[in-house]
Every structure is written in C-alpha cells, then in structure tokens.
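Below is one structure, written out as structure tokens, with a few remarks after it.
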Amino acid sequence: MTATSGLVIAGGVRERLHPARLYRALAAGANGVGSLWFFGLMFLICADIVGRTVFLHPIKGVTEIVAYSVAACVFLGLAQTLHAGRFTRAEMLLDALGLYRPAARSFYEALYAAAGAVIAAAMVYGLAPEFLDAWRKDEIVGVPGYFTLTIWPFKLILVFGSATMLIEFMALA
C-alpha cells in the first residue's frame, strides 16, 4: 500500500482518504475505549467490594472515579450508538408509518435528526465552558491528602462525545 498526496493505492485501486471514514473510525474507537473503560470500572468496583468485605480496606476514590467515569463512558459511545441506529426511538410507530406513508416517515426521521442536532449543539454549548473553567482552575474532587481526582479530562470527554453526536445527527439530517 502506497500513500501519495492523500490517495491510497490498494490492490491497484486509488481511493481518497475521506474525512467521513476517519470520523467513523474515531467514533468506533471512542466507543471501544468506552466499553473497555466500563469493563475496568466493573473490575474496580468488584475489587473494592472484596477489599471492603474481606480485607476491611476499601480502595481509595472508587466512588469519585465511578461517578465521573460512567458519564464519560456513555458519552464516548453516543455517536457510534446513533450511527448504528440504537438510540431510543419509537421504532414501532415509525415502521408502521413507513409502510403506509414513506414520505411521512422520512419527514419524522429528518425532524428527529434536526432536533437531535439542536440538543447536541446545546450540550456542546453548555459543556464547553464547564470544561474550560475546570481546566483553568485545575478543578479536583475528593479529599486532599486522601484521594483527589482532576476532573477536566472527564469534562473534555463530555464535550467530545457531544460534538461527535452533533456531527452524527447533522449527517442524519
């Protein structure tokens, strides 16, 4: 495989590296990271339970880590979930509508995507200042001297997840 000025030659066929393909890989990768992160959280929670009950010694900061990580993991998977058609919707209503009125179904699908884009844009608009504020102040949670967790990376993930969801909704619209 040879790369020449943005073109990839694979098996004698030239194809341009499309931003959409790169975006799909980014969204799928973020979803994978979120899934692995959830697995790690489950391991951490189980280890904390064992530590509390067997050794009478909990793992420091599990509550804080889990509280921020759950939201981050969910937001990492938003775009991929939307792309796969697994967002919560009234499928039964849309399928029935599509049988008798395909144009109406298309209209409602477009309306759904446009409303989703507006909501995702509002999320980015609301979360970005929170991220910037936490980053500037180097905001932490926890008890200094016992356990602290810097939260701006988690807030950055929320902005990233909202932005990728916005892109996905705009592509659907």
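The values are calculated or read from the model by the stated rules, or taken from the named source; none is laboratory data. As the structure is a computational prediction, the values presented were derived from the model and not from experiment. As a convention, Cβ positions derive from the backbone with ideal geometry for all residues, glycine included, and neighbour counts pool all protein chains shown.
Select, from 71, 115, the only residue that is assigned to a helix (DSSP H, G or I) and touching a residue at least 40 places away in the same chain (Cβ under 8 Å).
Only one candidate passes the filter, namely 71.
Residues are listed down the side, and each one gets a yes or a no for (1) at pLDDT 95 or above; (2) over 29 Å from residue 131 (Cα atoms):
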residue	(1), (2)
11	no, yes
19	no, no
41	yes, no
45	yes, no
66	yes, no
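Return a yes/no flag: does region 89-103 have any residue that is over 18 Å from residue 32 (Cα atoms) and basic (Lys, Arg).
Scanning region 89-103, I find at least one residue that is over 18 Å from residue 32 (Cα atoms) and basic (Lys, Arg), so the answer is yes.
Residue by residue through region 69-109, note down the ones that are surrounded by 14 or more Cβ atoms within 10 Å (Cβ to Cβ) and farther than 24 Å from residue 167 by Cα.
Of everything in region 69-109, those that are surrounded by 14 or more Cβ atoms within 10 Å (Cβ to Cβ) and farther than 24 Å from residue 167 by Cα turn out to be 97, 98.
Filter region 141-160 down to the residues that are among the hydrophobic types (A, V, I, L, M, F, W, C) and closer than 27 Å to residue 30 by Cα and list them by number.
As a first pass, look at region 141-160 and keep what is among the hydrophobic types (A, V, I, L, M, F, W, C): 141, 143, 147, 149, 151-152, 154, 156-160.
Scanning region 141-160 gives 141, 149, 151, 152, 154, 156, 157, 158, 159, 160.
Sort out which residues of region 51-68 are in a helix (DSSP H, G or I) and either of a type in the set (Ser, Thr, Tyr) or loosely packed, with under 12 Cβ neighbours inside 10 Å (or both), and write them in order of number.
Those that are in a helix (DSSP H, G or I) and either of a type in the set (Ser, Thr, Tyr) or loosely packed, with under 12 Cβ neighbours inside 10 Å (or both): 53, 63, 68.
So, residue 139, is that one closer than 26 Å to residue 20 by Cα and among the charged types (D, E, K, R) or not?
No: the conditions fail for residue 139.
Being within 21 Å of residue 36 (Cα to Cα) and aliphatic (A, V, I, L, M): is that true of residue 76 here?
When the stated conditions are applied, residue 76 passes them.
Can you tell me which residue is surrounded by the most Cβ atoms within 10 Å (Cβ to Cβ) among those in region 132-173 that are acidic (Asp, Glu) and assigned to a helix (DSSP H, G or I)?
Only one residue tops the list, namely 168.
Between 79, 96, which is of a type in the set (Gly, Ala, Ser) and touching a Ser or Thr at 6+ places or on another chain (Cβ under 8 Å)?
79
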